[in-house]
Amino acid sequence: MINLDVPRTAPLPPGEQPGTASTFSAFDAASLPAERPSRVVVELARPLIDGGRFAAKASQGSPLIVEADVFADGHDPAAASCWIWHDSNADWEEVPMRPIGNDRFRAEFTPSQIGMHFVSVMGWVDHFSAWKHKLRAELEADTGGSTTETSRAKYFDATIALTLQDAEAMFRHAETLAGDDADAASVLADARQACATASIGLWLTQPELEAAMRRYGRRHPVGRSSVMAPVWVDRPLALFGAWYEFFPRSIWDRDAARTGGRLDDLEGQLDHAAGMGFDVVYLPPIHPIGEVNRKGPNNSTTVESQDKGSPWAIGSSAGGHCSIDPALGNDDDLRRLVSQAESRGLELALDIAFQCAPDHPWVESNPQWFRHRADGSIRYAENPPKRYEDIVPLDFETEDWEALWHELRNVIWHWIDHGIQIFRVDNPHTKAFAFWEWCIATTRQAHPEVIFLAEAFTRPRVMERLAKLGFTQSYTYFTWRQTSEELQSYGIDLAERTIDYLRPNFWPNTPDILTEELQHGGRSAFVARAVLAATLSPLWGIYGPAFELVERTPVRAGSEEYLDSEKYQPRHWDLEQPHSLAPFITLLNTIRRDQPALQHLEGLRFHPCTNPALVCFTKPNPTSSGGVLVVVNTDHEAQQGGIVDVDWAAISLAYESTYHLTDQLGGEHFTWHGPTNYVELDGDGLNAHIFTVDGPSAESPS
């Protein structure tokens with residue numbers, strides 16, 4: 001295991017007797033424990049990734065959900081709290097947990113700092129609740145179910161007197177612990193006096209007494225979770241944001257005479273992305289492009305002198321991964337671009353592709369970092385049926401691995417020094433897992449604000465491992481999940497099984513991916529996929545000009561590559577086309593910013609529909625009832641209608657009520673009665689609803 005060089009232990013959260021452990025190992029069961037164990041069992045359920053081996057993910061300013069199973073022997077109830085520790089703090093912060101059924105307790109904590117946190121859960125016998133239950137049972141037994149003050153006085157007997165004496169001792173002990181907390185001490189003193197005078201009025205259920213007893217009531221000996229769960233807290237853009245990808249060497253002016261763009265003239269592109277409401281502009285590699293085996297248009301191996309090659313074939317005599325292609329500009333141009341982006345509310349993301357052109361400087365200076373064939377040559381990269389003659393992969397089994405690791409990390413740190421804090425990492429699954437764990441952890445120590453997006457379209461367990469190792473966000477299979485059934489199955493998996501460590505970033509297209517759905521579905525397919533990406537996940541992105549201009553011609557039948565792809569040649573884009581989706585994309589991003597329900601993945605719920613062409617789901621508001629209801633037609637040719645059956649409890653609303661809905665896309669208003677309602681959507685045109693629900697109307701049954 002690689003040493004992460006982050007604190008893996010933290011001081012135990014305080015109990016009534018700080019530092020007291022309450023459990024002992026099963027291997028020591030033949031011997032008595034050193035101290036009396038707690039009667040309470042605490043099993044931390046969430047967030048806990050592989051038993052604490054990896055850190056869960058959370059975001060600054062967004063609720064972190066903690067859940068644990070907490071229970072005691074016998075019939076006594078248990079109480080619980082979670083304790084949060086940040087590595088810059090000396091003290092733990094306690095957050096009460098509430099029971100949610102079947103011995104499961106839950107709490108929500110909103111972290112205010114980025115960096116590593118630890119979560120522990122403490123449980124104890126809830127003596128106050130047990131005592132209240134006992135007292136009520138005795139009163140009801142004496143009064144035949146009545147609890148009026150008169151009947152209490154009439155049937156007050158020695159049994160109840162003893163029960164009240166027990167409470168006096170319990171409240172007195174809590175008073176002692178309250179110390180300088182004058183408000184709590186006063187409440188506890190009043191409760192003690194009420195017991196002494198048998199004046200057991202409504203104070204039993206007062207929230208002030210509940211709070212005081214929760215804070216100062218007897219807990220010792222406490223039960224603690226056997227592990228403290230590490231949680232890495234990122235800045236908000238790690239959880240919610242919209243990405244826009246474009247190639248800086250292309251021209252966005254139909255009448256431009258130049259054949260290529262430069263970093264110092266991209267202000268128009270930044271304005272365009274900011275105007276559509278994007279948060280991140282992502283540039284493919286900006287490094288010098290290799291001359292050896294350079295590719296021509298459409299991945300051709302026949303190259304003319306004017307051909308630019310693929311930006312992912314990195315390195316030439318002009319430099320390597322820490323250099324900028326002279327055709328694009330220089331370091332000062334990049335720093336200026338970062339500043340220009342920031343002034344527009346954007347962040348600039350750069351591509352990290354750890355692969356080399358055959359004439360990359362490393363090939364000559366460090367040949368041991370590459371795998372050689374029997375004849376001494378270096379094998380180029382392949383991903384059958386794709387062949388990359390212009391790229392040679394690095395060898396992560398090299399004996400010189402330590403030097404390679406440091407050099408690659410230095411590449412990332414070099415661009416951080418230029419003001420870059422977001423990196424889209426190309427094919428991380430073809431590099432060593434251990435390298436990424438070390439690289440990301442040590443980078444976070446120095447630069448906790450950095451965000452890494454993993455571009456790994458590979459086997460699910462591999463993608464998940466990369467997320468566990470520390471990648472902030474992940475590309476997903478959303479691009480190929482197209483039917484209602486596929487979307488439901490995949491969405492549920494992301495929203496439940498992997499939610500605490502894999503943040504999905506949904507992209508309808510990339511420079512490598514033009515799906516058959518987009519090729520043949522026409523404009524309506526682009527609209528539907530944009531709605532699904534922007535509402536299912538709090539993170540989404542598009543390969544910009546090609547998507548907004550509905551570019552959908554493949555290089556050949558059966559291929560997902562674009563014809564005249566920007567991967568191999570600059571393009572001239574005319575963004576003023578009347579069929580542009582830019583206004584619609586702008587509306588989508590506006591809705592996302594206005595609706596808190598769309599800014600998280602928690603609580604995503606799919607609902608049945610009589611027509612399988614329609615997909616229907618809700619997302620709840622994080623701090624209040626209500627949310628959004630989305631319905632999308634996945635048939636891009638025909639109008640489809642059906643009855644949706646919405647479980648309104650998914651957004652904390654009553655089941656049988658009347659609701660007023662507003663479609664944020666079309667602006668129409670609707671009134672729905674109860675859970676089942678009819679929906680009809682176009683196949684060609686606006687084929688989706690994003691409803692906001694105003695809540696039960698006055699017509700709703702009481």
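The values are calculated or read from the model by the stated rules, or taken from the named source; none is laboratory data. Note that this is a predicted model, so its numbers are computed, not measured. Cβ sites come from the backbone with ideal geometry, for glycine too, and all protein chains shown count toward neighbours. Accessible surface areas use protein heavy atoms only, side chains included; no ligands, DNA or RNA. Shrake-Rupley method; radii C 1.70, N 1.55, O 1.52, S 1.80 Å.
Overview of results
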item: Rounded to whole Hz, the Karplus (6.51, -1.76, 1.60) HN-Hα couplings of the range 390-399, x for glycine and proline; result: 8, 9, 10, x, 7, 9, 7, 9, 4, 5
item: Rounded, prolate or oblate (a/c below 1.5 giving rounded, otherwise prolate when a/b exceeds b/c) for the range 231-327 by Cα gyration tensor; result: oblate
item: Full-extension gain in nm, GLU93 to LEU32, via 0.36 nm per residue minus C-alpha separation; result: 18.7 nm
item: Mean Cα-pair separation over length for the chain, i.e. relative contact order, pairs under 8 Å, 6 or more apart, %; result: 11 percent
item: Accessible area of the range 250-391 belonging to carbon and sulfur atoms, whole % at 1.4 Å probe; result: 45 percent
item: GLU267/HIS572 FRET efficiency (R0 22 Å; Cβ-Cβ; nearest 0.05); result: 0.80
item: Given charges at Cβ of Lys, Arg, Asp, Glu: the chain dipole, positive-most of THR692, SER343, PRO33; result: PRO33
item: Relative contact order [Cα under 8 Å, 6+ residues apart], the range 557-702, whole percent; result: 21 percent
item: Pairwise centroid distance, computed over Cα atoms, of the range 298-372 with the range 394-416, Å; result: 16 Å
item: Rounded if a/c under 1.5, otherwise prolate or oblate - the range 583-686, Cα gyration tensor axes; result: oblate
item: Interchain or long-range residues, amide H under 5 Å from LEU549's placed H; result: LEU581
item: Built amide H within the under 5 Å cut-off of PHE54, gap 5+; result: ILE49
item: Separation of the HIS520 and ALA557 label points, Cα + 7 Å toward Cβ, nm; result: 1.1 nm
item: Surface accessible to a 1.4 Å probe, per residue, for the residues of the chain, Å²; result: 42 Å²
item: Fully extended contour minus Cα-Cα distance, from HIS673 to GLU140, at 0.36 nm per residue; result: 187.6 nm
item: Relative contact order, percent, the range 332-450 [alpha-carbon distance under 8 Å, six or more residues apart]; result: 32 percent
item: Cα centroid separation - the range 421-462 against the range 578-606, whole Å; result: 27 Å
item: Options CYS322, LEU629, ALA434, ranked by Cα towards positive dipole end of the chain, top entry (Cβ charges); result: ALA434
item: CD proxy at 222 nm, helix term only [per DSSP H run n ≥ 4: -39500 (n - 2.57); per residue of the chain; nearest 500]; result: -8000 deg cm²/dmol
item: Read-out Kirkwood radius over Cα pairs in Å, derived from the coordinates shown; its label in [x] 28.9; [y] 38.0; [z] 32.5; result: [x]
item: Extension gain (nm, one decimal) between ILE100 and ARG459, 0.36 nm per residue minus Cα-Cα; result: 125.7 nm
item: HIS133 paired with ASP375, simple spin-label distance in nm, labels 7 Å along Cα-to-beta-carbon; result: 8.0 nm
item: Alpha-carbon centroids, the range 30-75 and the range 492-560: separation in whole Å; result: 39 Å
item: Protection proxy ranking, peptides 589-598, 551-560, average beta carbon neighbours within 10 Å, highest first; result: 589-598, 551-560
item: Degrees between helix 127-143 axis and first principal axis of the chain (Cα, 0 to 90, nearest 10); result: 50 degrees
item: Highest average packing first - 285-292, 82-89, Cβ atoms within 10 Å; result: 285-292, 82-89
item: Net charge dipole size for the chain [Lys, Arg +1 and Asp, Glu -1 on Cβ; Debye, nearest 20]; result: 1020 debye
item: C-alpha long axis of helix 207-216 to longest principal axis of the chain, angle in °; result: 80 degrees
item: Leading residue at positive end of dipole, the chain (Cβ point charges), from THR498, PHE171, LEU539; result: PHE171
item: Principal-axis tilt of helix 331-343 within the chain, Cα atoms, nearest 10 degrees; result: 50 degrees
item: Overall form of the range 467-619 per C-alpha gyration tensor (a/c, 1.5; a/b vs b/c); result: prolate
item: Pairwise label distance in nanometres, ARG387 with SER652, each label 7 Å out on the Cα-Cβ vector; result: 6.0 nm
item: Mean Cβ count within 10 Å, highest first, over the residues of peptides 525-536, 161-172, 449-460; result: 525-536, 449-460, 161-172
